[in-house]
Protein chains: 2
Amino acid sequence: MDIIDIKTYMQSIGREARSASRLIATAETAAKNQALTLMAMAIKRDEQELLAANERDVESAKARGLDAALIDRLTLTSKGIAGMAEGLLQIAALADPIGEISDLSFRPTGIQVGKMRVPLGVVGIIYEARPNVTADAAGLCLKAGNAAILRGGSEAIHSNQAIAACVKEGLKAAGLPETAIQVIETTDRAAVGELITMKEFVDVIVPRGGKGLIERISDEARIPVIKHLHGVCHVYIDDGADLDKAIRVADNAKTQRYGTCNTMETLLVHEAIARKVLPPLCKIYLDKGVELRGDALSRAIVAQMNEATEEDWHTEYLAPILSVRVVSGLDQAIEHIAVYGSQHTDSIITEDYSRARRFLREVDSSSVMVNASTRFADGFEYGLGAEIGISTDKIHARGPVGLEGLTSQKFIVLGDGHIRQ
Amino acid sequence: MDIIDIKTYMQSIGREARSASRLIATAETAAKNQALTLMAMAIKRDEQELLAANERDVESAKARGLDAALIDRLTLTSKGIAGMAEGLLQIAALADPIGEISDLSFRPTGIQVGKMRVPLGVVGIIYEARPNVTADAAGLCLKAGNAAILRGGSEAIHSNQAIAACVKEGLKAAGLPETAIQVIETTDRAAVGELITMKEFVDVIVPRGGKGLIERISDEARIPVIKHLHGVCHVYIDDGADLDKAIRVADNAKTQRYGTCNTMETLLVHEAIARKVLPPLCKIYLDKGVELRGDALSRAIVAQMNEATEEDWHTEYLAPILSVRVVSGLDQAIEHIAVYGSQHTDSIITEDYSRARRFLREVDSSSVMVNASTRFADGFEYGLGAEIGISTDKIHARGPVGLEGLTSQKFIVLGDGHIRQ
């Protein structure tokens, strides 16, 4: 397709989505759950077809010499396919957020005013070469009553089309419009440019992927974006910390998984407790092969540390590397997080009531924790059921975004012929 | 100032706001309320100075031949000044939303997860020649723990500076940073261009004013915008309506005030009740000097109607003009509202339970009503205390935006050394 065709194609996708969104917004809960269940069954049934389609994508990615991490994310396994199906069934089991009425109360004029939860409309999702996002995003958008337009990474095009076929089958069999979930069939980048500027057809864009992708989309979009930037997460070990809890949490926050956005990247330690906590904790890190990069005070305590540069404090390693800084106290810890953090997830380890209270209030991140591992910052762990990403934005949705983040609320007013005086 | 100076000036304003926002975010409720009270006292005390400053603006606007409606909005009176002060005292009396913790509950892992309400950070407000917005916006932003950058219409520059002096006096006397509320001192339009693109310093933009202003800002902004577009509001009189309630509400929705965004612009009437309801209702409108523009069916019932054009159905008159259409039933009414409405406020008049339920669910507007006048769509009437505008957006805030719309929520996690397995 050339650029003019792309524009026509995307406009047609958009028009179909807008039209489907009106039907899906008022679809019965049972129909949505049936569609989700049938999608899951189709995905399990078509395991071999999905693996074959994915094989084509993986071969092509290898032939093009793409890097191992991308190929790892791209590759579907039997277990991954079962996980996709399971995810859809879990979404079916969640309560339907749509139509929920809250805060309905009488006003002095006699009218009753409340809020009703409603879908956003049409959600555009742009992601990289992770085929499982196709099923997750389709499921969440559908349950929240939205139509969705999905644009996955071009490397996963065959995998995504195969998953899309299962999604459409589920929608159709449940009597819902197949156009409620559309997967863009072109790998042309111009399609993204159209998607993020079709104001009349798309209500919100959710980009999932690396910092570069998300910044480019935020810059060029003409539609609100719910974005998930990087996670430079901190654990601050206060001098009021329980030593065992400090070591347990700081170990888990770094080493339970290295490549996730809620993994700790910088450890801050109060100077009064540094000599007690750093030697045993750093031994754990070093034994697990974590490279340590410290400031002068930390290096004076633990010799096997490289020197941390200014850049280290800003860096999301997503790797077995940790920067370590000894701070003079809570003020300096909060200041460090404000300057270098990414407002994602930060945790204080302390038994001190007043400092825990201050940290909770003053740290301006999407998740703020006391005596818990940053690795808990996750939709499943928070009880949201599933998540479409972790928003580092401040407006609309902050932190893990589940079904509720894909909805809005309208005001409802119930009167009995009431007029305004 | 030339363009380079404007950029430097706005960057400096932005930096100050960002810095003040961190202090104001954790300011004590009592200090914020004290500042609001002192601002109100300063405004009342300086009535003569405010009137004199406003006189300069009004003279200048008249000399430039600006239209009467603008001069009307621009003009401050003693009553208007008392109203500004009263508004600030009302905001002081509202509960402080900041720090409110909700939904704190235990997860199976043992952690407690909840949400804490937090400020947005720095709010940029762009408005036209209404000096009272300076006080309202300053008060709401402050109470919600935000720093604000206010850019009022250039016609009101002297009035706004005089109000700003009272605002700063209140902040200072309460021990809060004066830079928490900054009023831009240049009338150069380039300042708006800077304000809506300074991502690092501004978290959200709230434009208040005409459709042209708001569309231009939405198009050019690089920061999320909470916007208030026009209101093409409908009342649909169903054939299950109580005739007295229908006439009372439809009269009030149009004629209580003509120039407000929640005024009805189009009346839809079920064909089965049209011959009963239109003659007495239209007599009321005609007696009050409302021009009626109807479709063929309406005109067959009421002779004193002009012909409604396609454009009429899209039009927010803000004037004593009403378009009238006879529809075949609820489906056509909902369809008309979907095609021609602006998703602001729409009301059904009916005693029929099932149709009321469908209208509430299916009409996708920021306020949907049953048997109540559209004129109720208002922050004060809804019990929000005050409003910074009525959002027709779907994300973040929809409908009247009060203190809550100027805040966000972060997740908080309380553990006891919990780690993720």
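Any read-out appearing in this document is the output of simple, stated calculations on the displayed coordinates, not a laboratory observation. Keep in mind the model is a prediction, meaning the values are calculated, not measured. FYI the Cβ positions are ideal-geometry reconstructions off the backbone, even for glycines, and counts take in every protein chain you see.
The aspartates and glutamates whose alpha-carbon is closer than 17 Å to the alpha-carbon of B:Lys245, local same-chain residues fewer than 8 away aside, are A:Asp416, B:Asp346, B:Glu351, B:Asp352. Inter-copy label distances at B:Ser354, using a point 7 Å along Cα-to-Cβ, come to 6.6 nm with the shortest given first. Expressed as a fraction of 2.2 N^0.38 Å, the C-alpha radius of gyration for the stretch A:57-104 is 1.95. Counting neighbouring beta carbons within 10 Å and listing from fewest to most, the residues A:Cys141, B:Cys282, A:Cys166 come out as B:Cys282, A:Cys166, A:Cys141. Phi angles across the stretch B:191-208 convert, under the Karplus curve 6.51 cos²θ - 1.76 cosθ + 1.60 with θ = phi - 60°, into 3J(HN,Hα) values of 4, 5, x, 5, 4, 7, 10, 7, 3, 6, 10, 10, 9, 7, 10, 10, x, 10 Hz, Gly and Pro given as x. With the Kirkwood sum run over all distinct C-alpha pairs, the protein assembly as shown has a hydrodynamic radius of 28.8 Å. Chain B has one residue whose beta-carbon comes closest to the axis relating it to chain A; that residue and its distance in whole Å are B:His396, 2. Annotation for B:Asp287, label-to-label distances across the other copies: 9.1 nm (shortest first, one decimal, point 7 Å from Cα along Cα→Cβ).
Among residues other than A:Arg130 with Cβ under 12 Å from its Cβ, the summed charge is -3 (Lys and Arg +1, Asp and Glu -1). Remark on A:Val183: its backbone amide H falls under 5 Å from those of A:Leu150, a criterion applied only to residues 5 or more positions apart or on other chains, H modelled at 1.01 Å from N.
Under a point-charge model restricted to the Cβ atoms of Lys and Arg (+1) and Asp and Glu (-1), what is the dipole moment magnitude of the stretch B:52-112 relative to its Cα centre, in debye to the nearest 20? The partial results should precede the final answer.
On the way: 6 positive and 9 negative charges, 26 e Å.
Computed charge dipole of the stretch B:52-112: roughly 120 debye.
Provide the percentage of antiparallel DSSP beta bridges, counting only those with both residues in the protein assembly as shown; round to the nearest 5. Please report the intermediate quantities before stating the final value.
Values: 30 of 116 bridges.
Rounded to the nearest five, the antiparallel share is 25 percent.
If you take the Cα centroid of the stretch A:1-69 and the Cα centroid of the stretch B:168-215, the two points sit 43 Å apart.
Going down the list A:Lys7/A:Lys32; B:Lys7/B:Lys115; B:Lys168/B:Lys211; B:Lys143/B:Lys394; A:Lys115/A:Lys143; B:Lys211/B:Lys254, which pairs span over 26 Å between their C-alpha atoms?
On the way: A:Lys7/A:Lys32 31 Å; B:Lys7/B:Lys115 38 Å; B:Lys168/B:Lys211 31 Å; B:Lys143/B:Lys394 24 Å; A:Lys115/A:Lys143 19 Å; B:Lys211/B:Lys254 21 Å.
Beyond 26 Å between Cα atoms: A:Lys7/A:Lys32; B:Lys7/B:Lys115; B:Lys168/B:Lys211.
Determine the relative contact order of the stretch B:146-220: mean sequence separation of Cα pairs under 8 Å and six or more apart, normalised by residue count, in whole percent. Walk me through the intermediate numbers first.
Details: 50 pairs, mean separation 22.7, N = 75.
Relative contact order, the stretch B:146-220: 30 percent.
Taking Rh as the Kirkwood radius computed over C-alpha pairs, what is the Stokes-Einstein D of the stretch B:233-376 at 25 °C in a medium of viscosity 0.890 mPa s, expressed in µm² per second? Please report the intermediate quantities before stating the final value.
Working: Rh = 14.4 Å.
The calculation lands on 170 µm²/s.
Only Lys, Arg, Asp and Glu carry charge here, each on its Cβ (+1 for the first two, -1 for the last two); on that basis the stretch B:233-376 has a dipole of about 460 debye about its Cα centre. Report summary: the helix-based calculation at 222 nm, which adds -39500 (n - 2.57) for every DSSP H run with n ≥ 4 and divides by the residues of the protein assembly as shown, gives -14000 deg cm²/dmol.
Between A:Asn252, A:Ala296, A:Ile321, the Cα set farthest toward the positive side of the dipole of the stretch A:233-376 (charges on each charged residue's Cβ, about the Cα centre) is that of A:Asn252.
Which one of B:Ile217, A:Phe411, B:Ala17 has its Cα pushed farthest toward the positive end of the charge dipole of the protein assembly as shown, where Lys and Arg give +1 and Asp and Glu give -1 at the Cβ? Result: A:Phe411. Across the stretch B:301-421, the convex hull enclosing all Cα atoms gives 201 Å³ per residue.
If we count other beta carbons within 10 Å of each Cβ, what is the order of A:Ser366, A:Ser298, B:Ser154, fewest first? Intermediate results must be reported in sequence, preceding the final value.
On the way: A:Ser366 28, A:Ser298 23, B:Ser154 18.
So the ranking, lowest neighbour count to highest, is B:Ser154, A:Ser298, A:Ser366.
Roughly what % of DSSP beta bridges within chain A run antiparallel, to the nearest 5? Let's see the in-between values first.
Numbers: 15 of 53 bridges.
Around 30 percent of the beta bridges assigned by DSSP in chain A are antiparallel ones.
Each residue of the stretch A:213-227 was assigned a 3J(HN,Hα) from its phi angle through the Karplus curve 6.51 cos²θ - 1.76 cosθ + 1.60 (θ = phi - 60°); the sequence is 4, 5, 5, 5, 5, 4, 5, 9, 5, 10, 10, x, 10, 9, 10 Hz, with glycine and proline shown as x. Normalised Debye scattering of the stretch B:54-155 at q = 0.11, 0.12 Å⁻¹ gives log10 I(q)/I(0) of -0.50, -0.56, counting only Cα atoms as equal scatterers and leaving out solvent.
Can you sort B:Tyr353, B:Tyr285 so the residue with the fewest Cβ neighbours within 10 Å comes first? Provide the component values of the computation, followed by the final result.
Numbers: B:Tyr353 10, B:Tyr285 24.
So the ranking, lowest neighbour count to highest, is B:Tyr353, B:Tyr285.
Please give the charge dipole size of the protein assembly as shown, origin at the Cα centre, charges +1 on K and R Cβ atoms and -1 on D and E Cβ atoms. Round to the nearest 20 debye. Please report the intermediate quantities before stating the final value.
On the way: 94 positive and 114 negative charges, 175 e Å.
Once rounded to the nearest 20, the dipole reads 840 debye.
Using only alpha carbons, chain B has a radius of gyration to Kirkwood radius ratio (Rg to Rh) of 1.03.
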